[in-house]
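Working notes, structure below.
Laboratory data are not the source of any read-out in this text; all were calculated from the coordinates shown. If you're wondering where the values come from, they're calculated on a predicted model, not measured in any experiment. Virtual Cβ from ideal backbone geometry, glycine too; neighbours counted across all protein chains shown.
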Amino acid sequence: MTSGGDPHDPHDPDDPLGREVWALFRALDHAGDPPAPAAASTWLTGEAGREQDGTRVRFALQLDGRRVIAARFRAYGCPHTLAACEWLARQLTGCELDARSPAGLARGIGDPLEWSHRLAIPAAKLGCLLVIEDALRAALASG
Amino acid sequence: MTSGGDPHDPHDPDDPLGREVWALFRALDHAGDPPAPAAASTWLTGEAGREQDGTRVRFALQLDGRRVIAARFRAYGCPHTLAACEWLARQLTGCELDARSPAGLARGIGDPLEWSHRLAIPAAKLGCLLVIEDALRAALASG
Amino acid sequence: MRARAVSGAPIYLDYAATTPVDARVAAAMQECLTEQGVYANPSSQHALGRRAHACVEQAREQVAALLHCRAAELIFTSGATESNNLAILGTARAAGESAGSGRAARAGRVPHVVTARSEHKSVLDPCRRLEQEGCAVTYLNPDADGLIDPQAVRAALRDDTVLVSIMHANNEIGVVQDIGAIGALCRERGVPLHVDAAQSAGKLELDVARLQAELVCVTAHKLYGPKGIGALYVAPERRACLQPLLYGGGHERGLRAGTLPVHQIVGFGLACTLAAAELALEAERLARLRARLWQQLSGLDGVLLNGHPTRRLPGVLNVSFAGVEGESLLAGLPEIAVSTGSACNSDSDEPSYVLRALGRDTQLAQSSLRFSLGRGTREQHVDIAAAAVARELRRLRAVAP
Amino acid sequence: MRARAVSGAPIYLDYAATTPVDARVAAAMQECLTEQGVYANPSSQHALGRRAHACVEQAREQVAALLHCRAAELIFTSGATESNNLAILGTARAAGESAGSGRAARAGRVPHVVTARSEHKSVLDPCRRLEQEGCAVTYLNPDADGLIDPQAVRAALRDDTVLVSIMHANNEIGVVQDIGAIGALCRERGVPLHVDAAQSAGKLELDVARLQAELVCVTAHKLYGPKGIGALYVAPERRACLQPLLYGGGHERGLRAGTLPVHQIVGFGLACTLAAAELALEAERLARLRARLWQQLSGLDGVLLNGHPTRRLPGVLNVSFAGVEGESLLAGLPEIAVSTGSACNSDSDEPSYVLRALGRDTQLAQSSLRFSLGRGTREQHVDIAAAAVARELRRLRAVAP
Ligand SMILES: Cc1ncc(COP(=O)(O)O)c(C=O)c1O
Ligand SMILES: Cc1ncc(COP(=O)(O)O)c(C=O)c1O
C-alpha cells in the first residue's frame, strides 16, 4: 500500500504544499546575500516581520535604472513563505519596475493575492505573503 | 473458528442452560397425561401458574400408599421450567412421600432452592421453580 | 456460503442484529492495519498521515453516495447508538442552552421532542434521559401494523418542539415508515427530523433529500461492514445546532472528537459502495426468500405475522407463536440463529416492547421470533428453519397443559 | 521492518500519534469479521452470539491484566477521547446533579475539577465544556520540565472538588508524572483521581492500585492495537457516580451503550497481552535508541530537549530548534514521519500549548519535533533521522536572515 516515490523528488500528491511550492522550497536558488560589498551600492535591501511572529523576510534587489538585474532573499518562515520568496526573486530578475505603481513594484508581478493564486497558496497564508510584500516595498523605498 | 458439535447433541459449552438442563429439556420423557382414564382414580393432579405470566405447570402423581409409582407433567414455560419438571418427575418416581414434611413432598427431593443448585438454574428463575412446587403441592393436596 | 447445521454452526438468520463483514471489506480493512498498510493517524501532517486522511475522505464520499448527500455533511461516529445520541441529546441540549438565554426560557418553555414507542433503545433511552434533564417528550403509538401515522406526528408538534425522531425501518419487525410524508410536514412547521436509518441503509434506496430529514444515522455493521463505526448526516444548517457528546481535538468539524479509525472507516465506505451496487437484486432475492419462509410458517397453526404485511424490509420476518413460550422455542432451535426481539435489547427478559406497542399480548410478544435474512441465506436455509420451527412447535405444544 | 526512505515510504517515527497494528493482532481481528469467523452480535442469545460474547469477555480479561484490575471494572469505549470525556463529564455532571438536590447546591457550590495545562485536548476540552456548564476548573501549570508538583495538586483541592485529572505520560513530551504521589493525596482527601494512561499503557508498568486512581483510560491504537477502541477503568465505588455519555440498550453495565465491536475488542485484548509480554525488553531497547538519537541531535547547535531528561517514556524525544521555523523543518524532512506537537492537535497551527506551558517561547515551541520510536525502529532509522535533521537545520539556517 505504501508508496511515495523517489526521495530526491519526493513530492507527495497529497501534500498540501503543491508541487510548485514544493519544488521552489527545495530549490531556494536565490537565497543568500548580495555578492561582495564592493557592489553594495547598487543593491537595495528591505526587511519585514519577526521570528516570534513566525515570518521574517529580507529582500535585496540589484537595479540597473528601473530594471531588476538580480535578486536575493533571506527568510525565516513556513515553506510557502520561502517558496514565494524564491519565486518572486526569479520573477523579479529582468523585470522593469513600474513607475506608475505607487509602491513601485515590478510590472507583471502583481500583489500577494495574485501570488497566492499563482502558487496555489492557501488563504490562511496570506499574512506571510504580506510580510514579503512589506520587505520588497522596504527595499524599493530604500533606493 | 465456528464449531458447535453434533446437532443431535448440540449442547454449546457457552450455553447458559448448562448441559444437564439442556439434556432434560431435550428429553421431556415424562411429559404428557396420565394413562387411560381407567386408572385415573389412583392419580393425583395439581396445577399452578398462567401462560400470561410465563409459566404454567400441571403435575400428576400416581401413588401406591405413600410411594410415588409414576409421574407425569405438562408445562408451558422456559427451558429451565421444563427441565426441572422432567427432573422432578424422574426423581419422584419410586420415592416415598415424607409424612413429616408439612406439604408432604417426597424425601430427598428438597425445595426449589435445592433444585436450582442441583440443576445449576440461575437465581432469576427461582420464580418458575416456585410455580412447579405449587403444582406439586396442589397435586398432593388433592389426594 | 454457510453450510447447513449438520456441519456444526447454526444457520445464521439474524442479519438484522449484525452482519458478517463482506470479504472484500475485510481485505480493505486489513490493508489499513499493519506496518505495510495505511496505518498512520489521519491527523498527522506527514505523508503517511496525509495518505490516511485521503483514505478517510474517500470513504466519506462512499458513505455519502449511499445516502445521496455530500461528504462534508457526514460525521463519523462509533455507530448508530452514538449517532442517535448525538442527534437527540445534541439537538435538545443545544436548544435548551440557547433557550436558556432566549425567548423560550423567559416563556418558561423547555425543549420538546417527538418520537415513537417502537423506536430503538438508542433513541428511546436518550429521550428518557432528556426527560430527566427537564425536556418534554411525546411518545407516539404505532398502529397495529407498526406504522406511525404522519398526522399523529403533525398533531404532536408544538411551538417548542425542537426535534422529531422517527426511524426508517424497524429493527424488530422490519416495518418501513413513510418518512417522506413525516419529513414534509416537519419541514412545513420548521421542525428538524432525525431518522434512524440503521436498518434501512443498504437495504432500501435512501436519499436524505427525499426523506426530508435534517439528521440521519447509519451504522456499518448492518450492511456487511465492521461493528463500531457509523455516521450521522447533519444538514449544513443544523451543524451549529448540535452540542457534541465528545470534546477534544476538533475532529469532524468539532462535532465528534477522537482519532479517526481509518480501517473502520475504509471498511464502512466500501461496504456502502458494495451494498448500493447489490441493493436492487438482493432486495428482490431476500423478499422472495422471506415469502418462501412465511409461506411455510403460515401453514402452521397459531402463527401470526407481526408488522405490516407489505411495507417492510425485504429480509425481516417477525412472527408470534400462540401457545409456546419464547425462550423454550428458541432453545429448541439450536440449528438456527434467530432473535427473540432485537439482539440489542435481549439483555432484558421482558417481552418485546415493540410488539407490546403494536398491541400484542404478553404471551404473543414473548413468543415471537425475528428471522432476518441476508447475503448468505439460501432456500435450503429457509426450509430448514421452517421445518425446525414446525418440529419444535409440535413438541412444545404437545407438552403444554 | 520498514526499510529506509529510499524504498519510498518515509521512516515512521510517530508511534506516539498511532502505531501500526501488530500482525498477530490483525490476524485475530480478521477472524472476527467474515462469515467464517465470530461475527455475531455479542448481545444475541443464540450460540453464535454467545461465542462472540465469550471472545469479548476474554479480551476484557486481557486488558484488565495489563492494568492489573478486574475485568468487571472495565468499560469498553471508542477510544481514549471517549474514555476521558466519560470520566470527566460523567463525574462532574453526576456530581452536579446529585448536588442539585443536596447540600452543595444549597450552599451555592458547583462541582470543581483540577487538571493541568499540559493535558491532552481530550481532557482539556471536556474541562472547558464543564466551565460552560457552570463548573469550576483549576488548570495547574507544569514546571519547566513538564512535571506537576503533587503539592500543587494538594493546594488546589477544595471542599467541592469532585475530580482530579492528571495524565500518566504526556503525549507531546513523554514526561511521566508521579501519579502514585498525586493519587495518595487525593485518596487522603477523598477526591477521585482520573488518569489518562493512553500513552503509558503497554509502555510502562501500570497498576491501578499503585496509581491510586479511581478512573484510568487506555486506547488500543497506541499499543499496536486498532484505532477506535479503548477502555475506561472504573473503580467499583465510582460506578454509580458516572453519568453515561451514550444511552440505549444497557451495554457495559449501563455506562456505555452500543453494539460491542468484537473484532476491535479482540484486537485490543491481544495487543495488551503482547505489549505486556514485550514491555520490559522493548522499553530498554527504545530507551537506547532514543539516547542514540539524542546524542546525535544534541551535538548540533541550538537544539534543546523538551521535558524532564529522565522521567519520561522510553520512546519519546521532543526537541526544539533555535532559528528555524517548524513547518519548514518538517517539510524539509520528507524521509521521516514525525510530529510537530501531538498529531491529535496539529489541526491548528498554533504553537504547541504544552511547550508554551513549560515556558518555551513561541519560536521554540513552534519549531519543536517529536520523535516517537516504536517496535519498527532500528538504529539505522534513528541515524537517518538525525542526519536529515542536521542537513535541514543547516539549509534553513543558511537561508534565514
Ligand atoms: C434501528 C437501530 N438503531 C440503532 C442501532 C444501534 O446501532 P449500533 O449497534 O451501531 O450502535 C441498531 C442496532 O444495533 C438498530 O437496529
Ligand atoms: C494522552 C492522550 N490522551 C488521549 C488521546 C486520544 O486517544 P484516542 O485517539 O483513542 O481518542 C491521545 C491520542 O490520541 C493521547 O495521546
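Could you tell me whether chain D comes out rounded, prolate or oblate from its Cα gyration tensor? Rule is a ≥ b ≥ c as square roots of the eigenvalues, rounded for a/c under 1.5, then prolate if a/b exceeds b/c, otherwise oblate. List each step's numbers first, then the result.
On the way: a/c = 2.14, a/b = 1.24, b/c = 1.72.
Verdict is oblate for chain D.
What average count of beta carbons from other chains do you get within 10 Å of the Cβ of residues in D:131-144?
0
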List the residue from chain C whose beta-carbon is nearest to the axis that rotates chain C onto chain D, together with that distance in whole Å. C:78, 2
What is the P(r) of the range D:209-277, as percent of Cα-Cα pairs per 5 Å bin from 0? 3, 15, 21, 22, 21, 14, 3, 0
Least to most buried among A:125, C:203 (fewest other Cβ within 10 Å first): A:125, C:203
Nearest 500 deg cm²/dmol is fine: what mean residue ellipticity at 222 nm does the protein assembly as shown get from its DSSP H runs of n ≥ 4 alone, each adding -39,500 (n - 2.57), divided by its residue count? -12000 deg cm²/dmol
In whole percent, the Cα-Cα distances of the range D:23-104 spread across 5 Å bins from 0 upward as 3, 12, 13, 17, 17, 13, 9, 6, 4, 3, 1, 0
Using only alpha carbon pairs under 8 Å that are at least six residues apart, calculate the relative contact order of the range D:213-304 and give it in whole percent. 22 percent
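For the pairs C:227/D:222; C:227/D:203; C:121/D:227; C:222/D:203, flag any whose C-alpha to C-alpha distance is greater than 31 Å. Can you show the working numbers first?
Details: C:227/D:222 20 Å; C:227/D:203 28 Å; C:121/D:227 26 Å; C:222/D:203 36 Å.
Exceeds cut-off: C:222/D:203.
Using a Förster radius of 30 Å, what is the FRET efficiency between residue D:210 and residue D:281 based on their Cβ-Cβ separation? Nearest 0.05, please.
It comes to 0.90.
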So if R0 is 51 Å, what FRET efficiency would residue C:361 and residue D:188 give, r being the distance between their Cβ atoms, rounded to the nearest 0.05? 0.30
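Would you tell me the mean number of C-beta atoms belonging to other protein chains that fall within 10 Å of each C-beta in C:326-333, as a whole number? It would help to have the intermediate numbers written out before the result.
On the way: counts 2, 9, 10, 1, 4, 14, 4, 1.
Neighbouring Cβ atoms belonging to other protein chains average 6 per residue here.
Where does the range D:262-380 land on Rg(C-alpha)/(2.2 N^0.38 Å)?
Working: Rg = 16.0 Å, N = 119, 2.2 N^0.38 = 13.5 Å.
Here the answer is 1.19, to two decimals.
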List, shortest first and in nm to one decimal, how far the label point of residue D:301 (7 Å from Cα along Cα→Cβ) is from its counterparts in the other copies. 9.9
Quick check on the range D:174-294: what are the equivalent-ellipsoid semi-axes from the Cα gyration tensor, as sqrt(5λ), descending, whole Å? 28, 22, 10
Over what distance in Å are the Cα centres of the range B:126-143 and the range C:153-189 separated? 50 Å
Could you work out how far the C-alpha centroid of the range D:13-44 sits from that of the range D:284-314, in angstrom? 34 Å
Rg and Dmax [Cα atoms of the protein assembly as shown; Å; Rg one decimal, Dmax integer]: 34.2, 136
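Evaluate the charge dipole of chain D about its Cα centre and quote only its size in Debye, nearest 20, assuming +1 on the Cβ of each Lys and Arg and -1 on the Cβ of each Asp and Glu.
Details: 42 positive and 41 negative charges, 59 e Å.
Roughly 280 debye, rounded to the nearest 20.
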What FRET efficiency comes out for the pair residue D:394/residue D:117, r = Cβ-Cβ distance, R0 = 51 Å, nearest 0.05? 0.90
For residue B:69, which inter-copy label distances result when the label point lies 7 Å beyond Cα on the Cα-to-Cβ vector, reported in nm to one decimal and in ascending order? 13.4
Which three numbers, in whole Å and largest first, are the semi-axes of the equivalent ellipsoid of the range C:143-200 derived from its Cα gyration tensor as √(5λ)? 20, 12, 9
Give me the percent of DSSP beta bridges within the protein assembly as shown that run antiparallel, rounded to the nearest 5. 70 percent
Where in the range D:261-301 is the amide nitrogen less than 16 Å from a point lying 7 Å along the Cα-to-Cβ axis of residue D:31? D:262-274
Can you tell me, using C-alpha contacts under 8 Å and at least 6 residues apart, the relative contact order of chain D as a whole percent? 23 percent
Along Cα-to-Cβ, 7 Å out, sits the label point; list in nm, shortest first, how far the one on residue D:188 is from those in the other copies. 6.9
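Where the only charges are on Cβ atoms (+1 Lys, Arg; -1 Asp, Glu), what is the dipole of the range D:266-323 about its Cα centre, to the nearest 20 debye?
Value, rounded to 20: 100 debye.
Calculate the mean, over all residues of peptide D:365-372, of how many other protein chain Cβ atoms lie within 10 angstrom of the residue's Cβ.
Details: counts 0, 4, 2, 0, 0, 0, 0, 0.
If you average over the peptide's residues, the count of other-chain Cβ atoms is 1.
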